[in-house]
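Below is one structure; the comments refer to it alone.
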Amino acid sequence: MWDEFVRHSLNATFLLQRDYMDYHADRFEDASLLFLDDKERLCGLLAANACSLEKQIVAHGGLTYGGLIVNHRLTTLSACSMLTAAAREYRARDFETMLYKPVPCMYHVHPAQEDLYVLFRAGAVLVSRAISTAIDFSIYPEYSNLRKRKIKKAQSAGIRVAEVCEKNQWQDFHAILKDVLYTRHRVFPVHSAEELQLLAARFPENIRLFTAFDENICAGIVVYDTKRVFHLQYIAANDHACNKCALDVLIDHTIHIARKEGHRYFDFGISTEQDGRRLNKGLIFQKEGFGGHAFCYDAYMVNLNELAHLCM
């Protein structure tokens, strides 16, 4: 029931299907809900997990976004009814607050931001805003002169690009990713190599790997393809790739693939840390050089008692 609803919803992606949500089920206490209307029809879902010690619900802590998933029968009043019912359910379990991470509007197949209005009416506070950079293919992107020069440099250096699926190439890419993240930021990838391969096997049409190479792989991009949005989940390039501008020609290649396949948006991913309070200026400069502009990934904190007693 859950997955079928997600597939036909207005605002969900494959990240909200159970085979994706549950790959790390041992790390999150699921607190998701299903909503039935007065005709006993499934009319909405809430993707969430519980943080019992903090008495907090997170929608969803193991995903980039979560929150209320809806279909074409959604109205503003039904969104209010679902969220207030959820708040009453969670209050009965002694939870006090909810951190709510809505699905960004670029992923919606139809406008569905009624939940944000309901949260506003309940006094929710914006606590995180990560800035992402995206290309809207309804307007063809204009590259900066610097990006054009770097693409030509990579092509002259003999850098080639390809989409791959062999197991060893996922391992090779993850090794580059792990080294880059730790060396430059002292962090590790959210997904292990094994988890990435597991998810790619479960969602072969949605999780794709593109690499740049001459003799060996030197750069790679893991794409989360939602058919509407071509989202760059992971980007990594070693020193050899940086010297030859391999990442520029790889990004250019994936932009052309996304446009050819009929996607509406090409999302480079966020360029911020610390809940959006630190901007990586060099990273966003590169992304904007390909013609991208800002989309935001937001998170709101709401008092469940206020939400439970909301009257529209």
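Some notes on this structure:
- Within the stretch 283-312, backbone nitrogen closer than 15 Å to the virtual label 7 Å beyond the Cα of D275 toward Cβ: 297-303
- Scalar couplings 3J(HN,Hα) for the stretch 115-130, obtained by applying the Karplus form with A = 6.51, B = -1.76, C = 1.60 to θ = phi - 60°, are 4, 5, 5, 4, 4, 4, 5, 8, x, 4, 10, 6, 10, 8, 9, 8 Hz; x denotes Gly and Pro.
- Net charge of Cβ neighbours under 13 Å - reference G289; Lys, Arg +1; Asp, Glu -1: +2
- L126-L283 pseudo-label distance in nm [points 7 Å out on the Cα-to-Cβ vector]: 2.0 nm
- Lysine pairs meeting the criterion (Cα under 12 Å, 8 or more apart or interchain), as found in the stretch 148-297: 4
- FRET efficiency, H8 to S156 (Cβ-Cβ, R0 41 Å, nearest 0.05): 0.30
- Solvent-accessible area per residue, Å², over the chain with all protein chains present [probe radius 1.4 Å]: 48 Å²
- Beta bridges by DSSP in the stretch 1-131, antiparallel share as percent, to the nearest 5: 70 percent
- To put it simply, the accessible area of the stretch 18-153 at a 1.4 Å probe is 54 percent carbon and sulfur.
- Debye log10 I(q)/I(0) for the chain, one point scatterer per Cα, at q = 0.09, 0.14, 0.16 Å⁻¹: -0.49, -1.10, -1.35
- Acute angle (nearest 10 degrees) that the helix 76-92 long axis makes with the longest principal axis of the chain, alpha-carbon atoms: 80 degrees
- Net length available on complete extension from N168 to I139 is 6.7 nm, with 0.36 nm assigned per residue and the Cα-Cα distance removed.
- Model label sites at E306 and Y23, defined 7 Å from Cα along the beta-carbon direction, differ in position by 3.6 nm.
- With respect to the chain, whose longest principal axis is taken over its alpha-carbon atoms, helix 246-260 is tilted by about 60°.
The values are calculated or read from the model by the stated rules, or taken from the named source; none is laboratory data. For clarity, every value in this text was computed on a predicted model and none was experimentally measured. Please note: Cβ atoms are built from the backbone with ideal geometry, for glycine as well, and neighbour counts cover all protein chains shown. Calculation scope for accessible area: heavy atoms of the full protein, side chains included, ligands and nucleic acids excluded. Shrake-Rupley method; radii C 1.70, N 1.55, O 1.52, S 1.80 Å.
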